[in-house]
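Okay, structure first, notes after.
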Amino acid sequence: MPFKPVDNPKCPKCGKSVYAAEERVAGGLKWHKMCFKCGLCQKLLDSTNCSEHEGELYCKVCHARKFGPKGYGFGGGAGCLSMDTGDHLKGENAN
């Protein structure tokens, strides 16, 4: 019987194999330690401050900012009433 190497799971961020010594698990997927960072602010994450949304990782602050409730009462005062469309939250890969 020929030798067949073990199929290791692929990191969703870089597409390379993730080995047990370097894996981080979030959202049912396995990530490299250096790929395990926020999709907006690039902050390195751990299991306590990680949120996954549609295959992308976010820190709790960026996840709440991008996907949380919007409008008056959720940010405080008239500072929330702006014409900002949120283009700065789409990330650099959206264009």
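The values are calculated or read from the model by the stated rules, or taken from the named source; none is laboratory data. Predicted model only: the values in this text are computed from it and were never measured. FYI the Cβ positions are ideal-geometry reconstructions off the backbone, even for glycines, and counts take in every protein chain you see. Note: accessible area is taken over every heavy atom of the protein model, side chains too, but ligands, DNA and RNA are not part of it. Shrake-Rupley method; radii C 1.70, N 1.55, O 1.52, S 1.80 Å.
Below, the figures for the structure above:
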{"quantity": "Heavy-atom SASA rank of Leu44, Leu57, Leu89 (probe 1.4 Å, accessible area, largest first)", "calculated": "Leu44, Leu89, Leu57"}
{"quantity": "Long-range amide H partners of His53 with built H, under 5 Å", "calculated": "Tyr58"}
{"quantity": "Highest average packing first - 29-37, 9-17, Cβ atoms within 10 Å", "calculated": "29-37, 9-17"}
{"quantity": "Probe 1.4 Å, protein heavy atoms only - accessible area per residue of the stretch 12-58 in square angstrom", "calculated": "61 Å²"}
{"quantity": "Heavy-atom accessible area order for Tyr19, Tyr58, largest first, 1.4 Å probe", "calculated": "Tyr19, Tyr58"}
{"quantity": "Reachable lysines from Lys66, criterion Cα separation under 20 angstrom, eight or more residues apart if same chain", "calculated": "Lys13, Lys37, Lys43, Lys90"}
